[in-house]
Amino acid sequence: MKFFVDTADVAEIRELNDLGLLDGVTTNPSLILKSGGNIADVTREICDIVDGPVSAEVVATDFEGMMREATSLAKIAENVCIKVPLTFDGLKACSAIRGDLDRQTNVTLCFSANQALLAAKAGASFISPFIGRLDDMGFDGMEVIAEIRQIYDNYDFDTEILAASIRSADHVKRCALIGADVATVPPATLKALVKHPLTDKGLEAFLADWAKTGQKIV
Ligand code: E4P
């Protein structure tokens, strides 16, 4: 499973990229607001750090406006992936962006398997089902991931399932078990994946015993 980080915080992105953990980045208008930066500057800086796809989202809601914004975002860097909302205009833009701009697309704000089916038919590179926001409303976000996996496998769609709105390490594990292609994870959750109390306890014991040997490896 690929790991994307869900943030526009350049310092966090640099740190995770240096750890060799990043396959890409997703941003959205709320994350750009949180970064305090200008979308073009922030996206350019992220693209300079990360080799993989960096999703930047259009904010126009009509097809023509989306295409104008997509054209401008695509000029920022080669690895900008254009994020469009799951609306009919967004799906139309998704097809056109792949055809006319030859760019990867990420169809966002997906909350059902039928929406994901439409995105695949529109040729989306990625579909972003929002797990946490479904869970918040009393639905089962993970069930939607499983349904999409089955539908995409039934028809050999090559759209990648980009599990989004991830809130916990358990979400990441369950997405991997289902076979989501990508998980976009907030930095704190991504860093929490390495943690296990028995790892800390075991390391402490090994180091204490090693000190008693009085040896050095180098
Ligand atoms: C995905 O691309 C979205 O930016 C993100 O995962 C939304 O997550 P949230 O529900 O925590 O805002």
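The values are calculated or read from the model by the stated rules, or taken from the named source; none is laboratory data. Source: prediction; values computed, not measured. Glycine also receives a Cβ, built like all others from the backbone with ideal geometry; neighbour counts cover every protein chain displayed. Surface accessibility is based on the protein's heavy atoms, side chains included, excluding ligands, DNA and RNA. Shrake-Rupley method; radii C 1.70, N 1.55, O 1.52, S 1.80 Å.
Does the chain come out rounded, prolate or oblate, given a ≥ b ≥ c as the square roots of the eigenvalues of its C-alpha gyration tensor, rounded meaning a/c under 1.5 and, failing that, prolate meaning a/b above b/c?
prolate
Just the accessible area for R98, please: 1.4 Å probe, Å², rounded to the nearest 10?
Solvent-accessible area, nearest 10 Å²: 100 Å².
Give me the percent relative contact order of segment 98-144, please, defined on Cα pairs under 8 angstrom at least 6 residues apart.
36 percent
Quick one: how many Å² of S35 are accessible to a 1.4 Å probe, rounded to 10?
Solvent-accessible area, nearest 10 Å²: 50 Å².
Considering amide H positions built from the backbone, and no H for Pro or chain starts, which residues 5 or more places from C81, or on another chain, come under 5 Å of its amide H?
V54, S55, A56
Counting only the heavy atoms of the protein chains, how much of L190 is accessible to a 1.4 Å probe, in Å² to the nearest 10?
10 Å²
Looking only at segment 117-144, which residues have a backbone nitrogen under 15 Å from a spot 7 Å from the Cα of S168 in the C-beta direction?
131-143
List the relative contact order of segment 2-213 as a percent without decimals, with contacts defined as Cα pairs under 8 Å and 6+ residues apart.
Computed value for segment 2-213: 16 percent relative contact order.
In segment 56-91, what trypsin sites (Lys or Arg not before Pro) fall in a loop by DSSP, with at most 13 other Cβ atoms inside 10 Å?
Working: sites: R68, K75, K83; in loops: K75.
Here the trypsin sites (Lys or Arg not before Pro) that fit, given the DSSP loop and packing criteria, are K75.
Only Cα pairs within less than 10 Å get springs; with that Gaussian network setup on the chain, which residue of P186, P85, P197 has the largest fluctuation?
Greatest mean-square fluctuation among the candidates belongs to P197.
At what distance in angstrom do the alpha carbon centres of segment 128-162 and segment 38-103 lie from each other?
The distance from the Cα centre of segment 128-162 to that of segment 38-103 comes to 22 Å.
Please name which of P186, A211, L86 has its Cα lying farthest along the dipole of segment 2-213 towards the positive end, using unit charges on Cβ (Lys, Arg +1; Asp, Glu -1) and the Cα centre as origin.
A211
Hey, if we sort M142, M137 by accessible area with the 1.4 Å probe, largest down, what's the order?
Values: M142 10, M137 140 Å².
Largest to smallest exposure gives the sequence M137, M142.
Based on the Cβ-Cβ distance of A77 and D158, what FRET efficiency does E = 1/(1 + (r/R0)^6) give at R0 = 30 Å, to the nearest 0.05?
0.80
Once the Cβ-Cβ distance between T87 and R44 is put in as r, and R0 is 30 Å, what FRET efficiency do you end up with, to the nearest 0.05?
Numbers: r = 27 Å, r/R0 = 0.91.
With R0 = 30 Å, the Cβ-Cβ based efficiency is 0.65.
Between G24, G36, G52, where does the largest GNM mean-square fluctuation fall for the chain, given springs only between Cα atoms within less than 10 Å?
Taking springs between Cα atoms under 10 Å, the residue moving most is G36.
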